[in-house]
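What follows is a set of notes on a single structure, which appears directly below.
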Amino acid sequence: MKQTTISIRIDDELKKEMEETCRELGLNITTAFTIFAKKMSREHRIPFEVSIDPFYSVNNLKAIDESIEQIKQGKVISKTMEELEAMENE
């Protein structure tokens, strides 16, 4: 079968992570993309669910930024699990 070259651009860190995962699976990136391409061609769809992780919503990211700012300002209260459970039972 005649082969061709495909050139794609991805983030360098993502490439390193993918190479490591492929290595752990006994594959290389070319084989992983070939598996993806064959499955996509056979099924006429992306072979996995594509969705937005709700963790990264604008509201969550804003809340995280606000929490980080509170920590930087020393506005932190720490409680043990026992103290939190006692508060829940009040």
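Read-outs throughout are calculated quantities, based only on the coordinates presented, and are distinct from any laboratory measurement. Quick caveat: nothing in here was measured; it's all calculated off a predicted structure. All Cβ positions, glycine included, derive from the backbone under ideal geometry; neighbour counts span all protein chains shown.
Values as computed for the structure displayed
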read-out: Net charge over other residues, Cβ less than 12 angstrom from the Cβ of residue 68 (K, R count +1; D, E count -1); value: 0
read-out: DSSP-loop trypsin sites (Lys or Arg not before Pro) across segment 1-88, with at most 16 other Cβ within 10 angstrom; value: 2, 9, 45, 75, 79
read-out: Summed side-chain charge close to residue 18 - residues other than residue 18 whose Cβ falls under 12 Å, Lys, Arg +1, Asp, Glu -1; value: -4
read-out: Net charge over other residues, Cβ less than 15 angstrom from the Cβ of residue 90 (K, R count +1; D, E count -1); value: -3
read-out: Under-30-angstrom lysine pairs by C-alpha in the chain, whenever the two are 8 or more apart or on separate chains; value: 13
read-out: Between helix 58-72 and the chain: long-axis angle, C-alpha atoms, 0 to 90°, nearest 10; value: 50
read-out: Net length gained if the chain between residue 61 and residue 20 were fully extended (0.36 nm per residue, minus Cα distance); value: 11.9 nm
